[in-house]
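First the structure, in the form of structure tokens, and then the observations on it.
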Amino acid sequence: VTTFFFKDNHGTAPLTLSSELPYQSTIKRKVRKKKNGVITANVAGTKYEIVRVVIREMGFVNTCDEDETANLIWSDSAVQQEKIAELRNYQRINHFPGMGEICRKDFLARNMTKMIKRQPQEYSFIPRTWVFPAEYTQFQNYVKELKKKRRQKTFIVKPANGAMGHGISLIRNGEKLQAQDHLIVQEYLDKPFLMEGYKFDLRVYILVTSCDPLKVFLYHDGLVRMGTEKYHPPSDSNLSQLYMHLTNYSVNKHNEHFERDETEDKGSKRSIKWFTEFLETNNLDVSKFWSDISELVVKTLIVAEPHVLHAYRMCRPGQAPGSDSVCFEVLGFDILLDRKLKPWLLEINRAPSFGTDQKIDYDVKKGVLLNALKLLNIRTSDKRRNLAQQKAEAQKRLYGQGSMKKLLPGSSEWEKQRHSLERRKEELKERLAQVRKQISKEEHENRHMGNYRRIYPPDDKTLLEKYESLLATAFQTFLAGRAASLQREMNNPLKRMKEEDILDLLEQCEIDDEKLMGKCMRQRGPKPLCSMPESAQPSRKLKNYSSDSSCDSGSSMSEMGEETEKEDHNEKKEKKVSYNLEENKCKSLERSGKMNWKPSIKNIKSPSCSPPTSSTGSIRRSVSCPRSISVLTMQSQAADHRPFSARASLQIQRASPVNRSHSLNRSPSSATVSQTPSLGAMNSSG
């Protein structure tokens, strides 16, 4: 408020002015709130409530059942490859194609048998297995050998594609077993590690986040599933007591002796965390237990990696190697410990149960899912970034940006070296970007790993080399008779290089590039011969030669045979071949279509077709370099009846003057024809 005083006839009076505008209070500035993106999840394909609980806890928004554009898609069963192929790069689905190669019992047995033949010492953690009916004869032969040695073993029979303990039985007399379709027969492990007198197995949870490259995480907890009857070695009297021999929860939960206890150290289902504490209490090596489990898991997934990678590439053909995988998978490994604490692989579940009948189930399985989704690093910006990347790739394809120029067929050695160097630099830069992206991913994984541990690739370099050797063997077994492009990619040394090694190679490429660029530019063309005639002489001779078009087929040059260097040196100053071409003679030769040459063996000369009467129109020319003739077409039919000494000569087809001029110039692609180094020194005289 401002007050002014003014004077009038009545005296001094104050005048007050207000600085407030009458409309100021009615106008409010609109502040736009930044729209926060949401991560959507489609969980219509699961029946487990724990999955929805974890989705809500992660802050994801549950979409309708028909939404196929959600960031996360969860399904209890395996998905079709067509569905994986239709996914966009920002989406994630909880199954890999091709993982059935180790999750079906018959496929697992078949693939393990192949690796056992190649690496028997490394793959000794699976019981001896036969797939019926294909291996029925081998099984019967094995039973006969046991009978000769007066040994008897127990076998467990399973359906090839069964689950939850359905159709499993034990037998001791293998001869009575009939050849039936789709059966798996395994040696029964009759000396298991017992806990409180009960047989048990371990459900270990594994997270595979990528197959290109392979990344495997082991959850440091799980379930201990115990039998509900005291264990006794198998005999004819107890073979039918499945509550004693089988540890499946789906089987034992129907027994009246099944204990549902909420405490960790009691009940028929306990946690692996409690089991490791039990091992420590009994002075057993817990670190060796985890390392043995990790090695078993990695070796098993190495067997599956070629199949999974091949199927994934078939579904996602345009996806660059090293990019974010649209697939991930949580696997359930069923592992049995023998009395020496050696782990044995029983089977692998690609759709492990996430039912929460007990508190121990809820605690363990919630941690498995929650930590897995945190490791995946699903972000709200993935969709927007993917759309921008697709637009940039479309523009690159449209305008050809970043594409390397093709090497022309007639390029010089300098251009070939430059092209090879540029291609090498592009390959190194691409690999460097992949390595840096992987480093960024690993940093995120290290911060959000939770209770998971990365078991592949391992930090131990010796163990990594061992795994890579097994992986190479698995690819060799898989690629026998298949496409070799994948094998070349697996053998690419850049896949095993670190960032520093790639930077060193790039620096070396820059040095080589500077050396090439520092060379004289005249080296880009073919090197001129020191004894070739001047540029004016060949052009004049070409002009005279092309004036008589009727002599095209009658004028051909003979290629020099094998000559000693000394003879060439003595004769190169004297020997000049003259061509006296007469029009009538050449026309007769043109009708014949070809001319046979008869050079001598010692000194091979180009014969002349000059008549004794006329010398007009004759051209005297030198046999410059026989390498220049290699670009011309050979008449193979006319070369068969010539003597051996003259078979090297080339007969020139009828050509236009322009073609003839090209045939007289030295071609850079004709360096492999000449056998005599001194022929290029012969001069021509007009």
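The values are calculated or read from the model by the stated rules, or taken from the named source; none is laboratory data. Worth saying up front: this structure is predicted, and the values here are computed from it rather than measured. Every residue, glycine as well, gets a Cβ built from its backbone with ideal geometry; the counts of neighbours run over all protein chains shown. Heads up: the accessible areas ignore ligands, DNA and RNA and are worked out on the full protein's heavy atoms, side chains in. Shrake-Rupley method; radii C 1.70, N 1.55, O 1.52, S 1.80 Å.
The table for this structure:
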quantity	calculated
Some residue of the range 383-403 being within 28 Å of Tyr452 (Cα to Cα) and either open to solvent by 10 Å² or more (accessible area, probe 1.4 Å) or among the charged types (D, E, K, R) (or both)	yes
Which listed residue is closer than 25 Å to Pro159 by Cβ and more than 27 Å from the chain's Cα centre (by Cα), from Gly59, Gly45, Gly100	Gly45
Condition met for Gly410 (assigned to a loop (DSSP other than H, G, I, E, B) and either under 30 Å from Leu207 (Cα atoms) or not hydroxyl-bearing (Ser, Thr, Tyr) (or both))	yes
Among residues of the range 111-128, those that are part of a helix (DSSP H, G or I), out of contact with any helix residue (DSSP H, G or I) (no Cβ under 8 Å at 6 or more places or on another chain) and either β-branched (Val, Ile, Thr) or surrounded by 14 or more Cβ atoms within 10 Å (Cβ to Cβ) (or both), counted	2
Hey, Val61 free of Cβ contacts under 8 Å to residues at least 40 places away in the same chain and aliphatic (A, V, I, L, M) or not	yes
Residues that are hydrophobic (A, V, I, L, M, F, W, C) and either surrounded by 13 or more Cβ atoms within 10 Å (Cβ to Cβ) or in a helix (DSSP H, G or I) (or both), drawn from the range 129-150	Trp130, Val131, Phe132, Phe139, Val143, Leu146
Filtered residue count, the range 424-443, keeping only those that are touching a helix residue (DSSP H, G or I) at 6+ places or on another chain (Cβ under 8 Å) and open to solvent by less than 40 Å² (accessible area, probe 1.4 Å)	4
Test: Ile168 is touching a helix residue (DSSP H, G or I) at 6+ places or on another chain (Cβ under 9 Å) and within 16 Å of Tyr243 (Cα to Cα)	yes
Where Leu346 falls short, out of the listed (1) under 25 Å from Phe107 (Cα atoms); (2) part of a helix (DSSP H, G or I); (3) open to solvent by 30 Å² or more (accessible area, probe 1.4 Å)	(2)
Pairs, first outside any helix (DSSP H, G or I) in the range 360-389, second buried (at least 17 other Cβ atoms within 10 Å of the Cβ), C-beta under 7 Å, six or more apart	Ile378/Ile39; Ile378/Asn71; Ile378/Leu72; Ile378/Arg92; Thr380/Ile39
Some residue of the range 465-477 being touching a Leu at 6+ places or on another chain (Cβ under 6 Å) and either buried (at least 16 other Cβ atoms within 10 Å of the Cβ) or in the same structural domain as Thr209 (by the TED database) (or both)	no
Residue that is farthest from Gly100 (Cα to Cα) [pool: residues in the range 151-169 that are surrounded by 14 or more Cβ atoms within 10 Å (Cβ to Cβ) and of a type in the set (D, E, K, R)]	Lys153
Residues of the range 170-187 satisfying the condition of being open to solvent by less than 20 Å² (accessible area, probe 1.4 Å) and touching a residue at least 40 places away in the same chain (Cβ under 8 Å)	Leu170, Ile184, Val185, Gln186
Of residues in the range 292-314 being open to solvent by 20 Å² or more (accessible area, probe 1.4 Å) and in contact with a helix residue (DSSP H, G or I) (Cβ under 9 Å, 6 or more places away or on another chain), the one nearest to Ile102 (Cα to Cα)	His307
Extreme residue, farthest from Ile156 (Cα to Cα), among residues of the range 320-344 that are more than 28 Å from the chain's Cα centre (by Cα) and of a type in the set (A, V, I, L, M, F, W, C)	Leu341
Residue identified as open to solvent by 30 Å² or more (accessible area, probe 1.4 Å), closer than 30 Å to Asp361 by Cβ and at pLDDT 50 or above among Gln91, Gln80	Gln80
Number of the condition not met by Thr263 [criteria: (1) open to solvent by 80 Å² or more (accessible area, probe 1.4 Å); (2) more than 26 Å from Ile156 (Cα to Cα)]	(1)
Selection count where residues are closer than 11 Å to Ile73 by Cα and part of a loop (DSSP other than H, G, I, E, B), scope the range 43-63	2
